[in-house]
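Single-structure report; data block below.
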Amino acid sequence: MNRIFLCVASEIPAGRSREFLLPDGACVAVFHSGSGFYAVENRCPHAGGTLSGGFLDQDVLMCIWHGWRFDLRTGECLTRPNARLRAYSLVIEEENLFLKLSQPQT
Ligand code: FES
């Protein structure tokens, strides 16, 4: 499996997020929603704002810039159905959080 180590999972407490720069230059925001960890591209499709500082409501992320909402589980935009985020798969092994590089979900 092609994957990259991000951090120890406990370094992202519930309700918080953290940014990671991938080897290909992409910036990913990882959220701990309380029900799980989710990774999406850290660029809002509306106007390019960073998403890592957004507000969480369960598994829904609200962009701090203009309020667009996204389902973190899928990357689906709940505000504009024709927009979406690239979502990445994560794996936790022995408390370590990894991002799968080969299988983005969009
Ligand atoms: S930049 Fe995210 S809603 Fe406008």
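Here, each number is a calculation from the coordinates, and none is a lab measurement. Treat the numbers as computed from the prediction; the structure is a model and nothing was measured. Backbone-built Cβ (ideal geometry, glycine too); neighbour counts: all protein chains shown.
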Rounded to whole Hz, the Karplus (6.51, -1.76, 1.60) HN-Hα couplings of segment 86-101, x for glycine and proline: 6, 10, 10, 8, 10, 9, 10, 10, 6, 6, 8, 9, 10, 10, 7, 8
With the 8 Å Cα cutoff and a minimum separation of six or more residues, the chain has a relative contact order in percent of 27
Mind giving me the FRET efficiency for H46 and E94? R0 is 35 Å, r the Cβ-Cβ distance, nearest 0.05 is fine. 0.40
Once amide H atoms are placed 1.01 Å from N in the peptide plane, what residues at a sequence separation of 5 or more from L78, or on another chain, have their amide H within under 5 Å of its amide H? R69, F70, D71
Exposed-loop-free span, longest in the chain, where GluC sites (Glu not before Pro) count as exposed if DSSP calls them loop and at most 10 other C-beta atoms lie within 10 Å: 1-93
Amide hydrogen neighbours beyond the local backbone of G54, cut-off 5 Å, H modeled: I64
Please report, in cubic angstrom per residue, the volume enclosed by the convex hull of the alpha-carbon atoms of the chain. 88
